[in-house]
Amino acid sequence: MPITTTKQSRQIRESLANGLKAAAANDHTIAIWILCIPSSMDGPAANWWDRWKREQEREHNIVIELWDETALVKKLQSPEGDQVRRAYYEPFTPAPTSPVQEQLRLILDVEDDKAAALDSALFVRQMAEAGHVELDSAKQQFFNADLVAREIEHKAVPAEVAALRSADATLHGVWEMQFNECSAEDAIKALHGRVWREVRSEHDKLPKVLRLELVHSWGLVHRLVDNRRAGWVKHWRQIASSHTDG
């Protein structure tokens, strides 16, 4: 399946620049600029696009939209796009083939500056409060899971959004059950290890459409903590309510 990555960011920047230049040369003003791509953006590309889009909208006082694979398909399936779809696409629609399992997502390293920025994150503080010293792998888990979640939210494919919510609910339930048991047994120091073992056993049961590695599943638990829905000590709610990201 084709996908847009940050390798295409230069082409995107040049496309807008050329449009603005041509408009200025012909005494026109661009009010809205739409990027059409016949694919979806991966996590890093979607991250870059969101930031770049905001910057360009402020700088040039224009509205920028993205029509990616999902948006284009929706438009072609709408009543307004019926004639275009029938004329240009349906004659060339290939016969359905047997489904092939998609590859799992890549695990990305966290750049030094991004790792340093995560030092002020709530999930890092919660782990430090629980006595954890080495946090590099936790940062990588969170970073990769956060990219996946942002990509899914950006693409807004209903099946993927529902699958992510299902995974979050499952992992939240895993944490909650272990937290209650550890609290009752006065064994809160064992909470992190117990949750991690349970996540490992639940990983293969999470929705396949998400294409998650185990690292992503662990990272989704860190996102729950960072979103103030879980923690690693008994007083995690007090820590969450008083925490301010740096």
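Annotations
- Pairs with Cβ under 9 Å, 6+ apart, first in region 121-144 and over 17 Å from His243 (Cα atoms), second surrounded by 14 or more Cβ atoms within 10 Å (Cβ to Cβ) and among the basic types (Lys, Arg): Phe142/Arg223; Asn144/Arg105
- A single member of Asp136, Asp146 is more than 18 Å from Arg229 (Cβ to Cβ) and open to solvent by 20 Å² or more (accessible area, probe 1.4 Å), and it is Asp136.
- Some residue of region 157-166 being without any contact (Cβ under 8 Å) to a residue 12 or more places away in the chain and of a type in the set (Val, Ile, Thr): yes
- Cβ pairs under 9 Å, 6+ apart, first in region 216-238 and closer than 17 Å to Asp119 by Cα, second of a type in the set (Ser, Thr, Tyr) and open to solvent by 10 Å² or more (accessible area, probe 1.4 Å): Arg228/Ser241
- Subset of region 149-169 [over 19 Å from Arg228 (Cβ atoms) and either part of a helix (DSSP H, G or I) or out of contact with any helix residue (DSSP H, G or I) (no Cβ under 8 Å at 6 or more places or on another chain) (or both)]: Glu151, Ile152, His154, Lys155, Pro158, Ala159, Glu160, Val161, Ala162, Ala163, Ser166
- The set of residues in region 195-240 that are of a type in the set (D, E, K, R), over 26 Å from Pro158 (Cβ atoms) and in a helix (DSSP H, G or I) comprises Arg197, Glu198, Arg200, Arg237.
- In region 198-227, the residues that are touching a Ser or Thr at 6+ places or on another chain (Cβ under 9 Å), surrounded by fewer than 16 Cβ atoms within 10 Å (Cβ to Cβ) and more than 21 Å from Gln140 (Cβ to Cβ): Lys205
The values are calculated or read from the model by the stated rules, or taken from the named source; none is laboratory data. What you see is a predicted model; the values in this text were computed from it and never measured. Please note: Cβ atoms are built from the backbone with ideal geometry, for glycine as well, and neighbour counts cover all protein chains shown. For accessibility, only protein heavy atoms count, side chains too; no ligands or nucleic acids. Shrake-Rupley method; radii C 1.70, N 1.55, O 1.52, S 1.80 Å.
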